[in-house]
Amino acid sequence: MQSRLNTFVTSLLVTGLALLSLWVGTALAGSPPDARPSDPNSGSALSGQVRHELVMLPWLSVFDNLEYQVNGSEVTLTGQVTQPFLKDEAEDSVKRIAGVTQVVNQIEVLPLSPFDDNIRRAEYRAIYGDPSLSRYGMGTLPSIRIIVDNGHVTLAGVVDTKTDSEIANIRANGVPGVFSVTNELRYTR
């Protein structure tokens, strides 16, 4: 009886330690969701303010991709959004920044399509449902952006490794009804 109890306690401890080390390893391996690689615009304070305004847009989602370039006091906005009002909100929020004299808004509004909406949901489940990629879905702005335009998928954003980028690409290509996948994910290592 004592031998069975010792065996049970030992196996419980080993299992607990294995789970703890797995949890700690996963936590240390993933970068925080807001981590981004070096930004070519990061040299100026104005660039930081532009980035802050864009990430604070209340309706920005994993299915939108906003990018910007600062040239002196002129800001050029590019990317894709699913809702038409987001294009205007992005421009208005950047115009309010002190020091910005002109905003060139080249943001593309993606077509409203139930077909694309179904692909977006399926891509989200395929990518963020993968255990090795789920950490990128944490936080308010997941670091893997899923852009769907008439059945064509583009993955944008930042991941930790080339392997994660390739896994996301494989998962995205596995979704039925997708015509093509373009992997524009950058990786930090």
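Just so it is clear, none of the values below were taken in a lab; they were calculated from the coordinates. As the structure is a prediction and not an experimental result, all values here were calculated from the model. When we count neighbours, we look across all protein chains shown, and the Cβ atoms used for this are built from the backbone with ideal geometry, even at glycine.
Tabulated data for the structure shown
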| quantity | calculated |
| --- | --- |
| Nearest-0.05 FRET efficiency for ASP92 and ASN173, computed from C-beta distance (R0 45 Å) | 0.75 |
| Phi-based couplings in Hz for segment 175-185 (Karplus 6.51, -1.76, 1.60; Gly and Pro marked x) | 7, x, x, 8, 7, 7, 10, 10, 9, 10, 5 |
| Order of HIS52, HIS152 - criterion: other Cβ atoms within 10 Å of each residue's Cβ, fewest first | HIS52, HIS152 |
| Amide hydrogen neighbours beyond the local backbone of ASP64, cut-off 5 Å, H modeled | ILE146 |
| Separation between Cα centres of segment 72-128 and segment 153-189, rounded to whole Å | 20 |
| Antiparallel DSSP beta bridges within segment 120-189, as percent of all bridges there, nearest 5 | 45 |
| Residue-wise HN-Hα coupling along segment 131-148, computed from phi with Karplus coefficients 6.51, -1.76, 1.60 (Hz; x: Gly, Pro) | x, 7, 10, 4, 5, 6, x, 6, x, 7, 10, x, 7, 9, 8, 10, 9, 10 |
